[in-house]
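Remarks on the structure that follows.
Each reported figure results from applying straightforward, stated rules to the coordinates on display, with no laboratory input. Keep in mind it's a predicted model, so treat the numbers as computed, not measured. With ideal geometry, Cβ positions are generated from the backbone for all residues, glycine too; neighbour counts draw on all protein chains shown.
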Amino acid sequence: MKKNLLWAGCSLLFLASCSTPKNITYFQDLQNGQVIEPQSVYAIKVRPGDKLSIMVNTQDPLLSSMFNLVESQNRLVSSGVTSGKGANISSEGRSGYYTVDSKGDIKFPILGELHIGGMKREEVASYIERQLTSQNLVKDPIVTVEFANTGVSVLGEVARPGRYEFNEDKMTILQALSFAGDLKNTGERTNVLVIRKQDGQETAYRIDLTNSASVMASPVYYLQQDDVVYVEPNIKAKRETTSAGNAAYSPSFWISVGSVGLTVATLIVTLTKK
């Protein structure tokens, strides 16, 4: 009887010490060769407050410079000339970016006010090209559009929290987390929070990184500019905020429990024999 109790106690301690966390591995439901696709593909679209770099290229460099704020400003900086309209011209050329106003419009040289809100990057380029050719201002122009301030913030239990800028048409939450150095072991993978501000409101979304269906079906799998990704601490990390929070999960605790259990069992057997 004593040997059986001793064996049971040792087995319990071994299993407790060898147990592995279940919520660490990403995409636990995926099988080898399984094809996964997001339910919707989202490309970044122009929103109020965005800054855009718009370059017009033609066969005539002088004609092109009429539409390119950055080039004209760099020329003014090199000659020591300041803007006659009161705009500050810096060597970084930041004032050369087109800022989208609250209505989704920009003021473009010669063409005037253009509504580009809700357009993708290539749609903005095509729209400006059509405007230039339809008004016989430029023949066969090539317009290049780049986002200048598209970024997301990654906070919480990641290796490198901060804001990460990207100049791409699409960015997934997995890419954002990789930029931030991935989650720490103390990060909660089953309940990642994404806060999205749109149309004057902020909406919260939750993603379970251990489940591919949860990730791919989420509307925040593809991030938008200014999204905030927050990785909250897991239970173990939360317990560490108190002096004895994780005591019940330490090896010494289970050894003590096992010792007490074996002692009690031994006493019971001894008393029973008497």
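Overview of values
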item: Counted charge near Ile44, where neighbours are those whose Cβ lies closer than 14 Å (Asp, Glu -1; Lys, Arg +1); result: -2
item: Charge context of Glu188, other residues only, Cβ under 12 angstrom, K/R +1, D/E -1; result: +2
item: Over 30 Å between alpha carbons, listed pairs Lys120/Lys238; Lys51/Lys238; Lys107/Lys197; Lys107/Lys139; Lys120/Lys184; Lys107/Lys170; result: Lys120/Lys238; Lys51/Lys238; Lys120/Lys184
item: At R0 = 35 Å, FRET efficiency that the Cβ-Cβ distance of Gln31 and Thr144 yields, to 0.05; result: 0.25
item: Met66/Asp169 FRET efficiency (R0 30 Å; Cβ-Cβ; nearest 0.05); result: 0.60
item: Estimated FRET transfer efficiency (Gln59, Ser126; beta-carbon r; R0 25 Å; 0.05); result: 0.80
item: Loop-located GluC sites (Glu not before Pro) in the range 167-206 whose Cβ has at most 14 other Cβ within 10 Å (DSSP); result: Glu168
item: Potential extension, Ser40-Thr186 segment - 0.36 nm per residue separation minus Cα distance; result: 49.5 nm
